[in-house]
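The values are calculated or read from the model by the stated rules, or taken from the named source; none is laboratory data. As the structure is a prediction and not an experimental result, all values here were calculated from the model. Here the Cβ positions follow ideal geometry from the backbone for every residue, glycine too, while neighbour counts run over all protein chains shown. Note: areas computed on protein heavy atoms with side chains; ligands, DNA, RNA excluded. Shrake-Rupley method; radii C 1.70, N 1.55, O 1.52, S 1.80 Å.
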Amino acid sequence: MTELTSLRHIPQAKLFRKGDVFVLFGELFGRGYANGLIDEARKAGMTIVGITVGRRDDNNALRALNEEELAEAEAKLGGRIINVPLMAGFDLDAPEGEQNPTEMLAGVTLKGWQEEKLDWAAVERCRDVGVRRFAGSAAQAMAEIDKLIPDGSNVFFAHTMAGGIPKIKAFLAIANRIYKGRGERFMSSRELLDSDLGKLILMNFDEVTANTLQHLITASAAIRERVTAQGGEVRYTAYGYHGSEILIDGKYQWQTYTNYTQGYAKMRLESVAQAAWAQGIAATVFNCPEIRTNSSDIFAGVELSLFPLLSALKREGGAAWVEQQWAACQELLNDGVSLESLIDRIEAYNNDPVSASFRNFDAWPMDNTPALAEVMIGTSDDMTKLHKDRKALITDHLSALVLESAGPLMFYGAAEKIAPVVWLNHDIIAKQLNALHP
């Protein structure tokens, strides 16, 4: 278990400058944490370089981007993209003539998924194919990126790969019950993890979310050696999640969303950074707070920890700008509903004995329970109903603020070389936001 190392100061290290190179190791699709880092790199005058995960053709074969796709991806990034397909995971890989894991589970149904059994020797052969494919492509991409890095420059590698759920039709229905179900629709996360389907998903999460950081570090070794030999610096960052500290009972306390199935892969990601750090490689996993994204929306209740950020903004010296944020959030609520009453409700939720029992850092990630689903998903539903528009939520507004502050915290925090694993909690998020909006 990683020791909880929280960032308590606003980092200021000005390492990166014009002519240095920022490499995004993961494709940019929507607005998320990666944008904050890119914004900071651009402000510093760095050259922006990215990669692509590639695309699948009609036969699921992986291919590079076509001209139109490449132009669109480069416009979105605002930089050059190395057009070597770097799709992580092995769910669609297989030795010639054999089924891939997704095909092995194509017949899974909501009724019988717990009984489905996999041929693990066949799965391992698929994994081997996928890993060798990815490692080879990573080496090829880094050879191209090496040509774009001038002598005497510094390099920032930002790892953004995560996920790995195989595209199995029945899984969405299973996931909806685990992450959104309560009462008769509740399903145990432990049932999933103990099944062959769950074990495969955990393996693929490891490959996509964690092991790709090791592939990046390995594939960029020649770049790292050349840059450091010329007096330059190299940094690696990755996005983690391992709970976060929010205001509960007037003090910052660690809490988490449960059940966070990817937690095992996120801990593996932390261990990759720790092993690199021990070898003198500056790789830092920044454990970021919960936000609402397209991919996190399946997790009903993950957004509840965002509301106390409003109180943190006041606690950390906020003035007129913070009052504007409160007013903007109040405006999103139904007439007659006060923002203060909503925050009181979240405080009561966090102090509920059921919720509080999951604030166990050493036991993370814990399994869900029917009692937790009832209080967490019930509170989430109630909070949403208090808004004028289900598509314009306070948690959307607060998520955007978290993204705005995480960018500079990670960019300058990586330059400062603090630790292999660092938590960005609501205190430092609020301090950074108040510094950005004096």
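Do the sum for the chain: with -39,500 (n - 2.57) for every DSSP H run of n ≥ 4, divided by all residues, what is the mean residue ellipticity at 222 nm, to the nearest 500 deg cm²/dmol?
-14000 deg cm²/dmol
Between LYS14 and ARG42, what is the label-to-label distance in nm when each label sits 7 Å out along the Cα-to-Cβ direction?
Going from the LYS14 label point to the ARG42 one covers 2.2 nm.
Expressed as a whole percentage, what fraction of the accessible surface of region 167-315 belongs to carbon and sulfur atoms when a 1.4 Å probe is rolled over the protein heavy atoms? Each step should come with its number before you reach the end.
On the way: 2540 of 5170 Å².
After summing per-atom areas, the C and S share lands at 49 percent.
Given a 1.4 angstrom probe, I'd like the percentage of the accessible area of region 372-438 that is carbon and sulfur, rounded to a whole number. Walk me through the intermediate numbers first.
Working: 1160 of 2180 Å².
Carbon and sulfur: 53 percent of the exposed surface of region 372-438.
Suppose all protein chains stay in the model; what accessible area per residue would a 1.4 Å probe give for region 1-104, in Å²? Before the final figure, lay out each step's value.
Working: 5120 Å² over 104 residues.
About 49 Å² of surface per residue is accessible.
What shape does the chain have by the C-alpha gyration tensor, where a ≥ b ≥ c are the square roots of the eigenvalues, rounded means a/c under 1.5, and otherwise prolate means a/b greater than b/c and oblate the rest? Walk me through the numbers on the way to the answer.
On the way: a/c = 1.79, a/b = 1.11, b/c = 1.60.
Oblate shape, in that a/c is at least 1.5 and b/c is the bigger or equal ratio.
On the protein heavy atoms, probe 1.4 angstrom, tell me the percent of accessible surface of region 18-68 carried by carbon and sulfur. Could the numbers behind the result be given before it?
On the way: 1090 of 2360 Å².
Within region 18-68, the accessible surface is 46 percent carbon and sulfur.
Considering the dipole of region 282-388 built from charges on the beta carbon (Lys and Arg +1, Asp and Glu -1) around the Cα centre, which of CYS329, LEU313, SER380 is farthest to its positive end?
Going by the Cα projections, it comes out as LEU313.
For region 116-162, report the accessible area per residue in Å² (1.4 Å probe, heavy atoms, rounded to an integer).
I get 44 Å² per residue for this part.
Counting other C-beta atoms within 10 Å, and keeping those with at most 16, which DSSP coil trypsin sites (Lys or Arg not before Pro) do you find in region 368-426? Walk me through the intermediate numbers first.
Working: sites: LYS385, LYS388, ARG390, LYS391, LYS417; in loops: LYS388, ARG390, LYS391, LYS417.
Filter output for region 368-426: LYS388, ARG390, LYS391, LYS417.
Magnitude of the Cβ-charge dipole of region 311-438, K/R +1 and D/E -1, about the Cα centre, nearest 20 debye?
Numbers: 10 positive and 18 negative charges, 59 e Å.
Value, rounded to 20: 280 debye.
Just name one of GLY89, ALA61, GLY79: the one whose Cα is farthest towards the positive end of the charge dipole of region 52-99 (beta-carbon charges, Lys/Arg +1, Asp/Glu -1).
GLY79
In debye to the nearest 20, how big a dipole does region 189-286 give about its Cα centre with +1 on each Lys and Arg Cβ and -1 on each Asp and Glu Cβ? Don't jump to the answer; show the numbers that get you there.
Working: 8 positive and 10 negative charges, 56 e Å.
It comes to approximately 260 debye.
Return the FRET efficiency for the residue pair GLN230, ALA106: r is the Cβ-Cβ distance, R0 is 56 Å, and the value is rounded to the nearest 0.05. Numbers along the way, then the final one.
Working: r = 52 Å, r/R0 = 0.93.
After rounding, the FRET efficiency stands at 0.60.
Please give the per residue accessible area of region 358-404, computed with a probe of 1.4 Å over protein heavy atoms only, in Å².
Values: 2050 Å² over 47 residues.
Computed with neighbouring chains in place, this is 44 Å² per residue.
Could you list which residues have their amide H under 5 Å from that of VAL84, counting only those 5 or more apart in sequence or on another chain, with H placed in the peptide plane?
THR52
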